[in-house]
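For reference, the structure is listed below as structure tokens.
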């Protein structure tokens, strides 16, 4: 659980990431440098020691060749020694007497003893007949008679097969014939005699193993290293430990045909790494081999590991200190800035940073404060604009409702006028019938005249009422025209407000783009800074995300504003369309008012004529003509009034539809304003908005 929490905090905290980055970078680099130094130093030392050890072995090999060269020279002298050859021939004559034979034997032995006496490294010198006849053997002091076995006979046969060439016989713990008290080696050579085959002898120069020890006494490649001489079948010819003689060596040396000298690293029987250097001698073809444990050769490099561990610990402490400083300088301000951004994301635009430094963190805090201030100012202005839009929507809604109510009243009044005109037309027809029947029914003139006076009174009253309705209609129509003009002005202001909002949104869009560019520049600088700029890469990504969120919000507000502007423009178009209709309606109403005035005047004349008809029946014919003409005029006026009323009714119906659509648009504008206001409610600035 603690590991999971640590991993979670590592993923969330830039400071911890920076801390681990510095810690791991410094410690790992120091560790790698130390291990690399140790490895390189170890390899260099191994190579140098191998080269130096090889030179030492080469020098030891040269010394051994020099020693063997001395004895090869001695064997060559005996090979060409004519006195010795003559003595051997004489000794092997078949008819020689015992005294001569003894004298010749003593002379040969004396010569051999003189050779041994002159060289303390020689253990003995033997002359063995080629046919292995023990009775004809010659040997110096220190040597014994032959003890020929299957093992040593093999070596004697090799000397014979050498046909005069030197044959080197490895060291044996008790000598080749197992008669000695100390290890010795032999150098064998066939002393050929072309004139007498019976006089051919095998010369055996028996050299003490101590001679080889003396040659290699100063050869040392390490304190616990060892020097050995191996023959061609990898058996030990010489070693410091006598128990290793005649045994097979665990070191596998390459064949002489492929490598006469060289060095390599191998593992011993215990699995420890060892350095092995070797050099093949020129004369004996044996290999001078030196070996030493690698751990002893490179023991001085342990100091490098110790120093590396100390430096790694100091580097870890230094990285911890640097990491804590980075956490204090970078991580804590970033955590605080992140929390302030989260508050701003929730709508609290009053948050501010208190970074006072002049570095990137300080400039980031100042930029954050400026950004929050600009956003707060923008939200405040947008809120004010939304309030104005909402108030204008309320006013537009009220005006639209009033216009709709007035349009309904106008429709009712026009309907009443149409009904009055129809009644007037009917009465005019009745008047025509009465005028036509005047001549036929004079007795009914008084009654008809009375009825006409009553009808005239009613027409007069209806005309007065129509005139009053037309006056009210003119007044209301004028009010409607004024309200329409006022509505057009307010809608124009609303259009200007949406244009202002769009300009503000353009400013916000520019700010968002600049913020995005700023974050992009920060990302570029962070990439250019390399590993040290990864923290600023995270900051740039967060600023880019905030810019993208602001761009989305601005896009939403811009879409809403575009819808508002579109609806306002449609409202303006409708109002501009309704304005000429209202003007035409006013003109028609004024004409109808004039008609009603004419009707009222004509009805006054009709009443006067009716009175004259009552006073003077004599002027009945003339009055009848005047009455017929007046009734015709009344009928025409009534038809015209009816037509005008139908036209006014149609205009009023169209105005009612326009008013209802205007009410619908006002409600929609009000809803949009409410939506804009609700979207701004989540933001809180210093003004408490």
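The values are calculated or read from the model by the stated rules, or taken from the named source; none is laboratory data. In this text, all values refer to a predicted model and were calculated from it rather than measured experimentally. So basically every Cβ, Gly included, is an ideal-geometry build from the backbone, and we count neighbours across all protein chains shown.
Before moving on, here are some points about what is shown:
- Flag for residue 590 being surrounded by fewer than 19 Cβ atoms within 10 Å (Cβ to Cβ) and out of contact with any helix residue (DSSP H, G or I) (no Cβ under 6 Å at 6 or more places or on another chain): yes
- Taken over region 166-193, the criterion of being in contact (Cβ under 8 Å) with a residue 60 or more places away in the chain, out of contact with any strand residue (DSSP E or B) (no Cβ under 8 Å at 6 or more places or on another chain) and under 15 Å from residue 128 (Cα atoms) is satisfied by 192, 193.
- Just one of the listed residues (89, 108, 128) is in contact with a helix residue (DSSP H, G or I) (Cβ under 6 Å, 6 or more places away or on another chain) and either touching a residue at least 40 places away in the same chain (Cβ under 8 Å) or within 24 Å of residue 215 (Cα to Cα) (or both), and it is 89.
- A Cβ distance below 6 Å, combined with a sequence gap of six or more or placement on separate chains, defines the contacts here; from region 505-531, residues that are at positive phi reach no residue that is surrounded by 16 or more Cβ atoms within 10 Å (Cβ to Cβ).
- Residue tally, condition on the phi < 0 side of the Ramachandran plot, at pLDDT 80 or above and either touching a helix residue (DSSP H, G or I) at 6+ places or on another chain (Cβ under 8 Å) or assigned to a loop (DSSP other than H, G, I, E, B) (or both), over region 250-272: 4
Residue-wise test of (1) modelled with pLDDT of 75 or more; (2) in contact with a strand residue (DSSP E or B) (Cβ under 6 Å, 6 or more places away or on another chain); (3) surrounded by 15 or more Cβ atoms within 10 Å (Cβ to Cβ).
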site	(1), (2), (3)
317	yes, no, no
341	yes, no, yes
353	yes, no, yes
382	yes, no, yes
391	yes, no, no
397	no, no, yes
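- Hey, residue 540 buried (at least 19 other Cβ atoms within 10 Å of the Cβ), assigned by TED's automatic domain parsing to the domain that holds residue 367, within 27 Å of the chain's Cα centre (by Cα) and within 30 Å of residue 368 (Cα to Cα) or not: yes
- Residues satisfying the stated conditions in region 54-66, i.e. surrounded by 20 or more Cβ atoms within 10 Å (Cβ to Cβ) and in contact with a helix residue (DSSP H, G or I) (Cβ under 9 Å, 6 or more places away or on another chain): 60, 64
- Among residues of region 28-75, those that are within 44 Å of the chain's Cα centre (by Cα) and over 30 Å from residue 307 (Cβ atoms), counted: 0
- Yes/no for residue 564 being assigned by TED's automatic domain parsing to the domain that holds residue 416, surrounded by fewer than 20 Cβ atoms within 10 Å (Cβ to Cβ) and at pLDDT 70 or above: no
- Taking the listed residues 224, 247, the one that is loosely packed, with under 13 Cβ neighbours inside 10 Å and out of contact with any helix residue (DSSP H, G or I) (no Cβ under 7 Å at 6 or more places or on another chain) is 247, with no other qualifying.
- Residue count for region 30-41, restricted to those that are under 22 Å from residue 320 (Cα atoms) and out of contact with any helix residue (DSSP H, G or I) (no Cβ under 8 Å at 6 or more places or on another chain): 1
- If you go through region 137-166 and keep only what is at negative phi and assigned to a loop (DSSP other than H, G, I, E, B), you end up with 137, 140, 141, 143, 144, 145, 146, 147, 148, 149, 165, 166.
- For region 92-105, a tally of residues being touching a residue at least 24 places away in the same chain (Cβ under 8 Å) and not in a helix (DSSP H, G or I) returns 1.
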